[in-house]
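> Input: one structure, supplied below.
The values are calculated or read from the model by the stated rules, or taken from the named source; none is laboratory data. Computed from a predicted structure; not experimentally measured. For neighbour counting, all protein chains shown are included, and Cβ atoms are generated from backbone atoms with ideal geometry for every residue, glycine included.
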Amino acid sequence: MQIQPRTKFLGLSAALVAGTALGATLIGPALSQTATGEPIVIEQPRGAPLSFAELIEQVSPAVVSVNVVSEREVAGPQGMNPQLFEFFRNNPNFEEFFNTPEDGEPETREARSLGSGFFISADGLIVTNNHVVADATEIQVVLEDGRELEAELVGTDERTDLAVLRVIEPGTFSFVEFETDADVRRGDWVVALGNPFGFGGTATAGIVSADGRQLRGAGPYTDYLQIDAAINRGNSGGPTFDLNGRVIGVNTAIVSPSGGSVGIGFAIPAELANQITDQIVENGRVIRGWLGVSIQNFSEDMAEALGYEGETGALVAQVVTDSPAASAGFRRNDVILEIDGVDMDDSTHVTRTVGGLLAGSEHEFKVLRNNEIITIDVTVEELPDNVADLPTDQGSTTTPDSPADTNTGKVLGMSLSPLSDDQLRRLGLDNGAEGLLIRDVDSGSTASRLGFAAGQAILEVNFQPVASVADFESLVDAARESGRESVLISVRLNRQTSVVALSIEDEE
């Protein structure tokens with residue numbers, strides 16, 4: 001049966017309702033005072049529940065525990081650090097203790113893990129996290145009534161950490177729905193159900209403590225709901241409900257030094273989860289559009305350094321060779337302002353917009369280039385699996401005027417010298433490319449605080465190539481004369497280029 005949203009569970013007492021109807025109610029004995037000494041009066045929150053019992057009773061039949069069996073490669077004896085294991089295995093003195101199987105295949109062992117999930121259809125479709133079912137050889141779900149049912153994997157999306165399962169045994173199951181039009185606000189009540197530490201059917205309650213969180217290492221496709229309802233190991237893949245019993249998020253991560261809840265949990269918003277699961281059910285995977293650029297936020301500081309006003313969007317740091325962007329004429333340092341007439345707020349907005357486009361479809365991009373707004377028409381392609389390994393453009397290829405071992409100097413707290421051929425190769429740049437190697441950075445300087453460090457390379461200043469320290473100094477002086485407070489530095493490290501706004505005030 002479908003679980004219908006209900007509101008009667010709120011259980012408001014007559015006194016509470018009357019208090020709300022009569023107006024403001026003083027909460028506690030003068031908890032705070034105004035500047036005139038008058039007590040601050042707080043209106044009784046509307047819809048504040050005295051109990052979540054009826055809500056939990058209605059939705060819990062749709063929530064399941066997910067038990068997974070997988071095969072994991074053994075790094076070494078008793079999970080030894082892989083580098084340490086390789087050292088001992090290649091040492092003749094320890095050969096008899098660390099020899100490998102005769103067939104040369106890595107040793108594997110059975111691993112078991114626990115998670116949570118929930119039915120989204122009466123015929124047995126279940127949503128959970130990708131990391132719960134990764135590498136699974138067996139998947140079993142346990143229902144609230146204790147039934148243990150085998151399930152199969154419909155598909156996964158690693159980039160958003162979502163997966164869809166299907167119960168193999170036919171039947172009709174209680175299910176819940178995503179609340180895709182939810183106007184989630186900080187302070188709204190939420191209830192989380194799941195299987196923390198193997199305790200199936202556990203319910204916790206709290207509030208939404210933040211919206212639109214971006215997590216380091218989680219990729220650009222998701223802004224998370226931050227909730228303070230207790231989320232622990234095993235809650236992954238479980239639902240977060242609003243007071244109407246609709247799913248507003250899929251629990252996926254916690255921040256904790258101990259592995260237990262400290263009140264900071266994260267859920268994938270329902271609107272995104274619904275879009276992803278629909279694609280997985282239809283195609284077995286998520287098909288994303290691909291432009292073929294590496295981008296970063298185009299900030300107000302960057303706009304100020306170039307003399308632009310009121311522009312937001314995404315700065316193109318690199319263009320992938322033979323990509324749709326390269327074919328359409330995108331260049332490094334272009335700023336994407338609009339896609340199909342929609343203003344782009346930042347790089348995440350651009351990534352998600354492009355990811356939602358159909359492969360093979362043509363779209364209009366409005367781009368800021370050299371202080372001029374131009375339009376580029378692009379036919380996007382399907383996002384490849386190996387996108388991180390694809391070659392990118394490497395910038396200018398003008399031969400430096402000075403030899404690599406001369407023309408050293410210090411600018412903005414950084415000791416610089418032209419790049420040598422060996423350094424160009426190490427940074428993944430072609431011979432003849434130009435730039436400056438950062439040899440040292442003054443401790444306490446603005447550059448040091450922003451993360452500039454020895455070994456990085458500076459390719460451009462305000463998108464102008466620099467072949468010598470004199471070029472760098474000239475561009476900084478020009479910025480000062482124009483009344484600019486900062487310059488944009490194109491920095492290269494580990495074969496990746498990014499742009500940083502560096503203050504030039506009070507720097508010599």
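> Filter the stretch 280-315 for residues that are assigned to a strand (DSSP E or B) and of a type in the set (A, V, I, L, M, F, W, C); which is nearest to M344 (Cα to Cα)?
Filtering the stretch 280-315 for residues that are assigned to a strand (DSSP E or B) and of a type in the set (A, V, I, L, M, F, W, C), the one nearest to M344 (Cα to Cα) comes out as A314.
> So which residues in the stretch 430-461 are touching a helix residue (DSSP H, G or I) at 6+ places or on another chain (Cβ under 6 Å) and surrounded by fewer than 20 Cβ atoms within 10 Å (Cβ to Cβ), if there are any at all?
N431
> Of the residues in the stretch 59-80, how many are modelled with pLDDT under 90 and part of a strand (DSSP E or B)?
4
> Now for a different question. Condition first: touching a strand residue (DSSP E or B) at 6+ places or on another chain (Cβ under 6 Å), surrounded by fewer than 19 Cβ atoms within 10 Å (Cβ to Cβ) and in a loop (DSSP other than H, G, I, E, B). Now tell me which residues in the stretch 408-429 satisfy that.
Listed by number, the list holds a single entry, T408.
> Residues being within 25 Å of the chain's Cα centre (by Cα) and assigned to a strand (DSSP E or B): count how many of those fall in the stretch 193-203.
Total meeting the criteria: 2.
> Next question. Could you say whether any residue in the stretch 484-506 is more than 29 Å from S347 (Cα to Cα) and out of contact with any helix residue (DSSP H, G or I) (no Cβ under 6 Å at 6 or more places or on another chain)?
Among the residues of the stretch 484-506, at least one is more than 29 Å from S347 (Cα to Cα) and out of contact with any helix residue (DSSP H, G or I) (no Cβ under 6 Å at 6 or more places or on another chain), which makes the answer yes.
> Quickly run through the stretch 138-152 and pick out the residues that are in contact with a helix residue (DSSP H, G or I) (Cβ under 9 Å, 6 or more places away or on another chain), surrounded by 11 or more Cβ atoms within 10 Å (Cβ to Cβ) and in a loop (DSSP other than H, G, I, E, B).
Matches in the stretch 138-152: L143, E144.
> Quick check on the stretch 273-319: of everything there that is crowded, with 23+ Cβ neighbours inside 10 Å and among the small types (G, A, S), which residue is nearest to L165 (Cα to Cα)?
A273
> State the number of residues belonging to the stretch 204-218 that are assigned to a loop (DSSP other than H, G, I, E, B) and either at pLDDT 90 or above or exposed (fewer than 14 other Cβ atoms within 10 Å of the Cβ) (or both).
3
> List pairs: first residue in the stretch 153-171 and farther than 15 Å from G284 by Cα, second residue among the small types (G, A, S) and in a strand (DSSP E or B) anywhere in the structure, Cβ distance under 6 angstrom, at least six positions apart or on different chains.
V167/A151
> Filter the stretch 272-292 down to the residues that are in contact with a Phe, Trp or Tyr (Cβ under 6 Å, 6 or more places away or on another chain) and within 22 Å of D377 (Cα to Cα) and list them by number.
The answer is none; no residue qualifies.
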